[in-house]
Every structure is written in structure tokens, then in C-alpha cells.
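Engineer: Dropping the structure in here first, questions after.
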Amino acid sequence: MRVLITGGAGYIGSHLVDALIKRGNEVLVIDNLSTGKIENLRHLLGHPSFHFINDSILNEPLLERFVPSMDLIFHLAAAVGVRNVLQDPLAAINTNVRGTEVVLGLAFKYWKRLVLASTSEIYGKASHVPFREDDDRVLGSTAVARWSYSMSKAVDEHFAFAYAAKGLPVSIVRYFNSYGPRLDERGYGSVVANFIRQALRGDSITVHGDGKQTRCFTYIEDAVAGTLLAGEVKEALGEAFNIGSTRESSILDLAKAIKRLTRSKSPIEFVAYEAYYGEGFEDTRRRVPSVDKAKRLLGFTAKVDLEAGLKKTIAWCREHFAH
Ligand SMILES: NC(=O)c1ccc[n+]([C@@H]2O[C@H](COP(=O)([O-])OP(=O)(O)OC[C@H]3O[C@@H](n4cnc5c(N)ncnc54)[C@H](O)[C@@H]3O)[C@@H](O)[C@H]2O)c1
């Protein structure tokens, strides 16, 4: 198969590229390296089945040259991470809404199967866990920039469902806090990357708020496995799936686990959200996926346990993070 991966130089995208190349596919990545890195793909440069174009998904004429010859598209390119979005909300909305409009529009024009990367942020600050795919979304005011990421991905999902209603073979995966090798050291979207960097450097491990907020950390192999299934299983068409681990872990427990596994002497320090994100920041207390649907229709369950995943991630970070 010929597969296009937008955002393929990013953290999740580059692992997806590896998995698809390993299965014998031909892969084209289009990525503008805004948060992605060529280091994530360097081992594949020159591989006969791998092609890379450093450009934006907003460049529609470029995409239109390649989409017609593809068998499958994974659309991962996006402005990612709450902090990134807060820094430049306009660019984030443009990339996530306009960019997805371009990619989905071309998939529709040339009738290509597509998997759209979405997010657990979709559920906003809903307090009822676990989140089921058809649950209500609970968001704050539009004056709070944080919610623009959730909104932009929701618009993407509405586009995808609208095309699916016209028969386009499209599926949606909602990732829950993925972590693993190639996490960006700058930690744009990842508390795991931030904590590991701080622990390895001996800096304070900074926990926002009281640290009792929870997340379900999902190892990259599991995130990739769910994504691949969404691109191949017939039952996935026209559907959205939570792709995540169901093991709930508080941020404070994560900090303690990383401190222990890195054998770090870093103190754990509590920092007010406002000090990091500015005034008026709103967070989600608990974020837990229901994976019943993914299990039933895709045959997906996360397999990698948090401690094992953290060990592999830390080993990679020791080699690749500056400290
Ligand atoms: N990592 C997670 O836990 C997580 C959680 C929820 C959703 N997601 C979604 O998964 C996808 C991949 O995220 P990631 O964590 O790998 O982040 P990432 O930042 O590593 O990957 C995003 C990639 O998109 C590229 N990109 C951004 N704007 C672009 C543009 N205009 N044109 C071309 N490329 C562009 C970036 O350079 C980067 O390589 C995103 O759609 C994100 O919203 C990730």
C-alpha cells in the first residue's frame, strides 16, 4: 500500500511511519517540522519505500499532487499541546481547522480512506468518567484560549463525520496522553517528557496544582496499534474511538514513579497552574477513556503497563535529552 502520513515527523507520526514501513508499505510524510523533527525519521532517509516532503498541509496544490496515488491517509499534522496552543491560538486554529479541511477535502475528492487523529481534550472538563465516545462535551468560555484546541479538533471531527455521512471511508482516533521514545524534550504536550527532563537534570519536578488530577498514560506502541486498526478494520468506518490505557494515574504518582525510576534526587514541587499557563487556566480533573467500543469494533486494548513503558521511555530520554 501507499500511505500518506501528515505530521509524520512528529512523535506519534514517526512511530506510525516505522510500523507501516516494517509491514512493507510505501510511506510519504508531509510535515513542516514545526514541532516535528527530522531526527525522528533520519534512520529512514534514503530507504526506497520512504519519502519525505518538508511542507505544510495548508499547501493544497502540493497535497493534490500526491493524494490521488495514495491508498490510505493518516492525518496527524496539527498544532499540538495546550501550551503550544496558548502561545499562538490563531496559528493553532488555522492548522487544525483549515489544514484538516484541506486534507479531508482532498480525501473526499479522490475517495481515499482516512484516519483522523483527535484527542481526549474533546471531552473538555466533563467530570463523568470514563468518557464514552458519544458522551457530551463540557467546555469553558471561548475567552479561555485553552478550549480552542478541543474546539478545533471537534470541528475536524464534525468534518470527518459529515464526509462519512456521504460515504467516505473515514475513522477518528482520540488519543489519551501518549508517551514513549521521541517525546519532545520541550514537552509541548507531555507531562511525562517534562518530568523525565527535570528528573534527569536534577531540577525540581514541577507538579501543577495539587497533583491529584489524573490521566491515563498510553504507551506509544499501544497508540500506534489502535491507529493501524482504525485504518484497516471495516467496522471502524464512520466511527470515533478512544485509544488509551484505562489505568488511571495521578500526576503526583507519575512524578513519584519517574523520580524513583530515574533514581533522581529532584524534589517534587507544587506549582500553581497560573504560574505556568497564566490567569484563568482551567484543567480537567480526571481523564479516563472507556475503551469498550475500541475493544468491540477494533479488537483494541492497551497492553503496555505504565512502569514498563516509563522504563523504556526513560532509557531513550537518557540518551537523547540534554542533561
Ligand atoms: N501525544 C498525545 O498524547 C496526543 C494526544 C491527543 C491527540 N494527539 C494528536 O495526535 C497527533 C500527533 O501528535 P503528536 O503528539 O505526535 O505531536 P507532534 O507535535 O509531535 O506531531 C504533530 C506533527 O504535525 C506537524 N505539523 C504541525 N503543523 C503542520 C502543518 N501546518 N503542516 C504539516 N505538518 C504540520 C508537526 O511538525 C509535527 O511533526 C496530533 O493530531 C495531535 O493533536 C496526540
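Engineer: Each residue of segment 212-224 in turn: what ³J(HN,Hα) in whole Hz from Karplus with 6.51, -1.76, 1.60 and θ = phi - 60°, glycine and Pro shown as x?
Structural biologist: Along segment 212-224, the couplings run 8, 5, 10, 9, 10, 7, 10, 5, 4, 4, 6, 4, 5 Hz.
Engineer: When DSSP assigns beta bridges and you keep just the ones with both residues in the chain, what percent turn out antiparallel, to the nearest 5?
Structural biologist: Within the chain, antiparallel bridges account for around 5 percent of the total.
Engineer: Can you order the peptides 98-105, 76-83 by their average number of other Cβ atoms within 10 Å per residue, highest first?
Structural biologist: The densest-packed peptide leads the list: 76-83, 98-105.
Engineer: Lysines within cross-link reach of Lys295: Cα-Cα under 17 Å, excluding same-chain residues under 8 positions apart?
Structural biologist: Partners found: Lys234, Lys303.
Engineer: Angle, helix 191-201 long axis vs. longest principal axis of the chain, Cα atoms, 0 to 90°, nearest 10?
Structural biologist: Long axis of 191-201 versus the principal axis of the chain: about 50 degrees.
Engineer: Next question, about the same structure. For a quick check: sort Trp147, Trp111 by the number of other beta carbons within 10 angstrom, fewest at the front.
Structural biologist: Trp111, Trp147
Engineer: Below 11 angstrom from the Cβ of Ile73, what's the summed charge of the other residues (Lys, Arg +1; Asp, Glu -1)?
Structural biologist: That sum, taken over residues with Cβ under 11 Å, equals +2.
Engineer: For the chain, take the longest principal axis of its alpha carbons; what is the angle in degrees between that and the long axis of helix 306-320, to the nearest 10 within 0 to 90?
Structural biologist: Helix 306-320 sits at roughly 90 degrees to that axis.
Engineer: What angle, in degrees between 0 and 90 and rounded to the nearest 10, separates the Cα long axis of helix 147-165 from the longest principal axis of the Cα atoms of the chain?
Structural biologist: 30 degrees
Engineer: log₁₀ I(q)/I(0) of segment 111-157 at q = 0.14, 0.15, 0.28 Å⁻¹, via Debye over equal Cα point scatterers, no solvent, to two decimals?
Structural biologist: -0.37, -0.42, -1.09
The numbers here are math on the coordinates, done by the rules we state, and not lab data. These figures come from a predicted structure and were not determined experimentally. Cβ: placed from backbone, ideal geometry, glycine included. Neighbour counts: every protein chain shown.
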